Amino acid sequence: MIIITTKKLIKQYRKGKIIVPALNDISIKVKQGEYISVIGKSGSGKSTLLNLIGGLDTPTAGDLIVQDKALQSLSRKELAKYRRFVVGMIFQSFNLIPSKTARENISLALIFGGVPGKERKRRACELLDMVGLKDRTDHKPSELSGGEAQRVAIARALANDPEIILADEPTGNLDSSTSSEIIDLLVKLNKQKGKTIIMVTHDEEAAGKVSDRLIRLKDGMVV
Amino acid sequence: MSNLWRTKLRSVLTILGVVIGIGALSSMVSFGVGMQKNLTDAFKKNDLFTSLNVTARSVNLEEISSGNLSNLNEKLQEPVTALNDSVVEMIRKIPGVVVAFPEIRFPVKLRFRDKETNLTLSAVPVGMKSFYPFSEIKKGQFFKNDSSFQLLIREKTLQDMGFKLKDNPEDTSAISGKYILLDTDSVIDSAIDIISKDIDLRGILANPFMVLMSQRRLPFKDTVIPFKLTGIIPEREGFGFDRFGGGVFVPLETSKRIPNLGFDNVWDLLGEDLPGDKYGSVYVRVNDMKMTKAVVDTLKNKGLNVFAFSEELKEIKRAFMIMDSLLGAIGLIALVVAALGIINTMLMSILERTREIGIMKSIGGSEAEIRIIFFVEAASIGLIGAVFGLGLGWLVTRIANAVMNSQLKPQDLPAVDLFSFPLWLILGAIAFSVLISLAAGLYPAIRAARVDPVKALRHD
């Protein structure tokens, strides 16, 4: 079953009068439960593609259909709901809110998901337990190691139980042993929970080992 | 909310702006409200809202003093209802009227413990017993009946005569020298004389040339009438004044038996008396403020002229409203400056938290939710500012009041409270502050909600 379809997807940025092409005519299909790695040099448009699928950005032209919904036709409000329930995003720099503890960071996503107070605390602890951070619930991001912070981010991405996990170089800031721990966690989510995973990475070797398929980008095009 | 703590100093300074704004606003308005309250209380205490004055004709003193007497003559020709006992009786029967009595007052000489003073004597009926200032008789009691030879005296009158009351017989510390100290208990029921002047008809009849021949002896004679001092009316407090003039009061019927040269009405001087017009004015007490209007209308329909303070107060209230607005405007300026501070702080905060906003959007925060987050922060600044601002305002008014009273005390004036913080002012100030803060947070919140998440996540 196809969960994501892009048809002639084009994204251009405007820098003053110059138009900078980021994605050029991307047409791909992603099946439910697939683990896909997007590879390519920096500036090849990998992150742009991920942001478009994540609903953070809107395409300049072309179709982007996720779960039979055309994202370009959604209102800003509907797009926020899409980001909340359909996709979960993980970033290279973790993007945790520094003033909040691990549990509060996850709770914030649950607040947006409309989970009531008591339930929130239980769910947040459950998610932290699942990523192996049961004893780190009340630590702030500055008190966590890189690997731990990324686990919190993964737990947060799973807060509202989305179908799709989008990971933008999740191991880019981590050493190799921690990296493989994070990759293992993503594989586990893919295999055990059936999550569809699209991961942007530099590391072609590691990506080849775990993913079902590689999508290679160059200058905004699939090669 | 928790963000407010992260940038403590900046938040404190922003809130301080609101504190000063609300402090200024609330103390200013409190002053206006306090002044109005003092006046209204004085009105209420004196039953001015339920007191009416009835005269046969309206007296336009301004017209008389300007020498324009042409209208006056016309007025004198108008048919009017004369004020006599039957009219007073009729007024008493109007529904809502509790007491109605003719106002009788004339100058007399008072003699007490070998001291004499000239003052005005007023007559009141027993029906006034429960009304201010007679309801507040310090020591002693009100008249037994309308024709007893009992007398009430103001504490102030005694003081003017050189007497000071002391409540405790052992108390010798009170002011001495200037005053003769008296035990209050010993004063009650002691003898006091009214000395009234009257035209000496018998003297004139006996020797008609006396008036012409004697330069020294005027055709007056003094009549000494012994009274008993039954009660003392205490010094009024605050801005108080009572509408009953005169230094001593005697029962209504008794007063009619005191010979006097009474003219208590300008009409007595200006023209011949109306046929059957016995009294200059009649005092009417209504049982409830709500009834005042109806009683006034009834009296007017009977062709009587009515003066009601409640009507005057409407004008005074309008004047106070203008004063309150002006005072409020001063406070408002401070609050507007504080609002600019809020806008500035919130915009700074958005700049600093751009990334955080991006994160919230990436995990599914909608624009509405992000707006709410910033609105709550703005409202919190307003709420905290208002609470402390009211505290500051209260403190300032207390200090101002204390300074004011310390000035009054050496002048032997009673302490007053110039300020008033009614509940509506407290709640209103809080609501207003929160509202202003929300308005100040409006633009920053909208801007925060519109942050582009892709750019925000790249932001450092």
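Per-residue mean of foreign Cβ neighbours for A:50-63 is 2 (Cβ atoms of other chains, 10 Å radius). Relative to the current alpha-carbon distance between B:D85 and B:V376, full extension at 0.36 nm per residue lengthens the span by 97.6 nm. If you take the square roots of the eigenvalues of the alpha-carbon gyration tensor of the range A:1-81 and sort them as a ≥ b ≥ c, do you get rounded (a/c under 1.5), prolate (a/b over b/c) or oblate? Verdict is oblate for the range A:1-81.
For chain A, the share of DSSP beta bridges that are antiparallel, to the nearest 5, is 50%.
Projected onto planes of every orientation and averaged, the convex hull of the alpha-carbon atoms in the protein assembly as shown covers 50.6 nm². At the listed q of 0.10, 0.11, 0.16, 0.19 Å⁻¹, the Debye profile of the range B:302-460, built from one uniform point per Cα, gives log10 I(q)/I(0) equal to -0.58, -0.65, -0.97, -1.15.
Here the calculated FRET efficiency for B:R450 and A:K193, from their Cβ-Cβ distance with R0 = 45 Å, stands at 0.80, rounded to the nearest 0.05. Rounded to the nearest Hz, the phi-derived 3J(HN,Hα) couplings of the range B:105-121 under the Karplus curve 6.51 cos²θ - 1.76 cosθ + 1.60 (θ = phi - 60°) are 8, 8, x, 9, 10, 10, 10, 9, 6, 6, 10, 10, 8, 9, 7, 9, 9, where x marks glycine and proline. Per residue of A:92-99, other chain Cβ atoms within 10 Å of the residue Cβ number 4 on average.
Beyond a 30 Å Cα-Cα separation, which of these cross-linked pairs lie in this structure: B:K8/B:K455; B:K144/B:K314; A:K15/B:K8; B:K156/B:K300; A:K31/A:K209? Mind dumping the intermediate values first?
On the way: B:K8/B:K455 27 Å; B:K144/B:K314 38 Å; A:K15/B:K8 38 Å; B:K156/B:K300 37 Å; A:K31/A:K209 19 Å.
Table pairs above 30 Å Cα-Cα are B:K144/B:K314; A:K15/B:K8; B:K156/B:K300.
In this simple spin-label model, placing a label point 7 Å from the Cα along the Cα-to-Cβ direction at both A:K29 and B:S186 gives a separation of 12.0 nm.
Restricting to DSSP H runs of at least four residues, report the calculated mean residue ellipticity at 222 nm for the protein assembly as shown, -39500 (n - 2.57) per run over all residues, nearest 500 deg cm²/dmol. Provide the component values of the computation, followed by the final result.
Values: 24 runs with 313 residues, N = 683.
Calculated at 222 nm, the ellipticity per residue is -14500 deg cm²/dmol.
Each principal axis of the Cα atoms in the range A:63-197 has its own extent, and those three values, largest first, are 42, 35, 27 angstrom. The antiparallel fraction among DSSP beta bridges confined to the protein assembly as shown stands at about 65%. Across peptide A:108-114, the average count of Cβ atoms from other chains found within 10 Å of a residue's Cβ is 4.
Only the coordinates and a few stated rules stand behind these numbers; no lab work does. Everything numeric in this text was worked out from a predicted model, so none of it was measured. All Cβ positions, glycine included, derive from the backbone under ideal geometry; neighbour counts span all protein chains shown.
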